[in-house]
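What follows draws every value from the coordinates through simple rules; no lab data is involved. Just so we're clear, the structure is a prediction, and the values are computed from it rather than from any experiment. Backbone-built Cβ (ideal geometry, glycine too); neighbour counts: all protein chains shown.
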Amino acid sequence: MKILVCISHVPDTTSKINFTDGDSKFDTNGVNFVINPNDEFGLTRAMWFKEKQGASVDVVNVGGAETEPTLRKALAIGADNAIRVDTPATDGFQVAKQLAKVAKDGGYDLVIAGRESIDYNGGMVPGMLAAILDANFVNNCISLEIDGDKAKAIREIDGGKETLTASLPLVIGGQKGLVEESDLKIPNMRGIMQARKKPLNVVAAEEVSVQTEAVKFEKPAPKGDVKLIDPENLDELIDLLHNEAKAI
Amino acid sequence: MSVLVYTETEDGKFKKAAFEVASYAKEVAGGDEVVAVSFNATDTSELGNYGVSKVLNIQNDKLSKFNAEAYADALTQAVKKEGSKIVVVSQSANSRYLAPLLAVHLNAGYASNVMAAPESTDPFTVKRSAFTNKAFNFTKITTDVKIVGLSQNAFGLKENQGDATVEDFSPELKEGDFTVNVESVDKAKDKVTIADAEVVVSGGRGLKGPENWGMIEEMADILGAATACSKPVSDMGWRPHSEHVGQTGKPVASNLYIAVGISGAIQHLAGINAAKTKVVINNDPEAPFFKAADYGVVGDAFEIVPKLNEKLKEFKAKNA
Ligand SMILES: Cc1cc2nc3c(=O)[nH]c(=O)nc-3n(C[C@H](O)[C@H](O)[C@H](O)COP(=O)(O)OP(=O)(O)OC[C@H]3O[C@@H](n4cnc5c(N)ncnc54)[C@H](O)[C@@H]3O)c2cc1C
């Protein structure tokens with residue numbers, strides 16, 4: 001089985017979010033970038049397939065040279081090859097188009113993406129990629145088993161779960177649940193050394209027309225101070241929730 | 001020109017999100033028509049109260065269970081038939097599943113997590129939440145057909161009384177629409193989900209163990225709320241993963257979020273920024289959550305919550 005894992009390069013979860021150039025660009029100053037958490041679950045599941053059932057695992061990112069340390073980290077975790085499509089990621093559709101080209105050229109059976117990246121939270125790429133490839137698609141995937149060319153997946157729905165079956169080729173939008181968090185792999189010294197020798201192929205991007213454009217950013221208005229309520233006077237809390245906040 | 005909405009049903013009944021997308025579409029449409037596509041609804045008349053003027057009514061057993069590909073195909077056909085230029089969907093798990101497929105089928109730009117009516121209609125620009133609610137991003141959609149994914153509770157319901165005409169609609173479904181098969185659905189009945197809830201009551205590690213959740217469930221019961229938790233709570237198996245709220249869990253956009261024994265780490269706060277009113281109960285006055293909250297009570301949850309529950313019961317009895 002040939003597996004492709006899509007890796008998004010995102011600010012780590014504790015990053016302070018700021019903007020520059022008249023609030024038109026994300027300020028990367030002092031920001032530490034990591035593998036998108038949803039993708040990390042997918043990558044670990046892919047490594048499980050490799051170890052338990054036999055599979056090759058390639059990782060791919062659409063982005064400039066600055067994303068290479070993130071791809072190297074994925075190689076250190078155990079991916080066999082990395083591919084970087086050399087163009088800045090501009091919108092979900094543009095990224096999905098680039099990924100579709102890589103997926104098609106490589107003839108992958110299974111493409112694992114994260115349900116969303118934690119920067120723009122678009123939640124577009126996995127589904128668009130599946131539609132462009134005309135492949136089967138399962139979103140919000142929290143469990144995945146493959147037997148031959150048959151897949152059994154569980155996805156999270158509002159208020160529960162759904163079990164689905166489909167044949168390969170398959171694209172999933174993965175998330176926490178695909179593997180236990182305690183099983184997430186941290187690159188060790190040996191992995192890091194090996195990763196240096198593994199191929200990281202840079203491929204040229206396709207021409208894609210943009211469908212959406214992020215024009216401006218804004219931060220939420222600063223919040224007023226919290227109103228503290230005496231634990232002996234909970235009636236006040238109920239009164240405030242009812243009359244001031246109109247929340248109950 | 002018309003604006004088309006996907007009106008979600010569950011067991012034949014419209015979800016609140018269906019009325020919310022209709023309310024939004026009515027505002028965006030101005031004087032133009034709002035067309036709703038409904039799947040196996042038992043009664044479509046309510047849609048007229050939220051500005052819908054025409055319902056494309058699909059009755060088809062093959063679509064009794066949600067299927068992203070088949071639903072996206074049906075919606076694609078409806079948009080083409082109506083010549084709609086704007087499509088509005090909610091951001092439920094199912095809508096998020098089908099919207100990117102619909103976008104590719106229609107060659108339409110899609111903006112997800114939209115928080116408000118468009119900033120401008122020419123160019124068509126919407127305000128989205130990004131960086132897990134730590135910021136907003138104004139996005140311009142440049143394609144001819146546009147898809148808006150409206151965040152739950154962001155726009156609210158607006159009544160727009162009118163009569164909707166109902167037209168039977170039978171999309172042509174292909175074999176290829178059913179290559180992903182739904183084998184079974186496992187869903188708690190009669191339980192408010194985090195996505196739909198007006199009020200969410202959430203507990204953190206401060207509650208010490210799963211045996212102490214009775215008082216959280218009781219509060220949720222009194223308020224008709226959904227229950228939720230912080231990440232370590234679900235990691236330790238005290239509560240199901242589906243209740244985990246935050247950057248790597250579920251987003252919350254309820255009117256009220258009550259956090260009990262949750263410290264307010266940045267990853268947790270990211271998931272609840274969109275909640276309108278936040279109440280924190282914590283014994284540590286230095287807990288970061290107090291900086292993000294509207295109302296706070298400093299004290300022991302095991303003393304405060306049972307007392308608060310009694311008072312909430314009295315309040316509900318009086319205001320029923
Ligand atoms: C990559 C990454 C992603 C993450 N994603 C998320 C996420 O999506 N969601 C999330 O929640 N976390 C997430 N986290 C974890 C997050 O950093 C915090 O560890 C977590 O939110 C803390 O949960 P907590 O507040 O329940 O527990 P604690 O930090 O243990 O806090 C418990 C609180 O309870 C209070 N308390 C104790 N006893 C009582 C009592 N008797 N009465 C009242 N109060 C009491 C304490 O004062 C304390 O403030 C993530 C972390 C990482 C690294």
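Give me the tail of P(r) for the range A:1-111 as a percent: Cα-Cα pairs with distance above 22 Å. So the pairs more than 22 Å apart make up 34 percent of the total in the range A:1-111. Using all pairs of distinct alpha-carbon atoms, the Kirkwood hydrodynamic radius of the range A:98-187 works out to 13.7 angstrom. Over all pairs of different C-alpha atoms, chain A has a mean inverse distance whose reciprocal, the Kirkwood radius, equals 19.8 Å. Label-to-label distance, A:Asp183 versus A:Ser56, with points set 7 angstrom from Cα along the beta-carbon direction: 2.4 nm. With a simple spin-label model that places each label point 7 Å from the Cα along the Cα-to-Cβ direction, the separation between A:Asp80 and A:Lys219 comes to 4.6 nm. Shielding by partners for peptide B:290-300, expressed as the average number of C-beta atoms from other protein chains within 10 Å of each residue's C-beta, is 5. If R0 is taken as 60 Å, the Cβ-Cβ distance between B:Lys13 and A:Lys197 corresponds to a FRET efficiency of 0.50. Rg/Rh, computed from the Cα trace of the range B:214-320 with Rh as the Kirkwood radius, has the value 0.95.
For chain B, modelled as a GNM whose springs connect Cα atoms under 10 angstrom apart, the maximal fluctuation among B:His244, B:His105, B:His268 occurs at B:His105. Each principal axis of the Cα cloud of chain B was taken in turn, and the coordinate range along them, longest first, works out to 60, 42, 41 Å. Can you tell which of B:Val185, B:Val52, B:Val252 shows the greatest fluctuation in a Gaussian network model of chain B with Cα springs below 10 Å? Of B:Val185, B:Val52, B:Val252, the Gaussian network model singles out B:Val185 as fluctuating most. Can you give the local net charge around A:Val171? Use residues other than it whose beta-carbon is closer than 11 angstrom to its beta-carbon, Lys and Arg +1, Asp and Glu -1. Charge balance in the 11 Å sphere: -2.
With kT/(6 pi eta Rh) evaluated at 20 °C and eta = 1.002 mPa s, and Rh the Kirkwood radius from Cα pairs, the range A:183-232 diffuses with a coefficient of 115 µm²/s according to Stokes-Einstein.
Each listed q (0.06, 0.07, 0.09, 0.11 Å⁻¹) maps to a log10 I(q)/I(0) for the protein assembly as shown, found by the Debye formula over equal Cα scatterers with no solvent: -0.29, -0.40, -0.68, -1.03. Relative to a virtual label point 7 Å from the Cα of A:His242 in the Cα→beta-carbon direction, which members of the range B:278-320 show backbone nitrogen distances below 12 Å? Inside the label zone: B:311-320.
Computed from label points 7 Å out along Cα-Cβ, the spacing between B:Asp186 and B:Thr142 is 4.6 nm.
Each other residue within a Cβ distance under 15 Å of A:Leu184 adds +1 if Lys or Arg and -1 if Asp or Glu, for a net charge of -3. For a straight C-alpha distance cut-off of 16 angstrom, the aspartates and glutamates reachable from B:Lys291 (same-chain residues fewer than eight places away being disregarded) are A:Asp225.
If I fit a long axis through the Cα atoms of helix B:301-319 and take the longest principal axis of the Cα atoms of chain B, what angle between them do I get, 0 to 90°, rounded to 10? Compared with the principal axis, the helix lies near 50 degrees. Averaging the Cα positions of each part gives two centres, and for the range B:228-260 and the range A:201-248 these lie 16 Å apart.
Helix B:214-223 and the longest principal axis of the Cα set of chain B meet at an angle near 50°. Restricting attention to the protein assembly as shown, close to 35% of DSSP beta bridges with both partner residues there are antiparallel. If you take all other residues with their beta carbon under 15 Å from the beta carbon of B:Phe289, and give Lys and Arg +1 and Asp and Glu -1, the sum is +2. Applying D = kT/(6 pi eta Rh) to the range B:163-225, where Rh is the Kirkwood radius over alpha-carbon pairs, T corresponds to 10 °C and eta to 1.306 mPa s, the Stokes-Einstein value obtained is 97 µm²/s.
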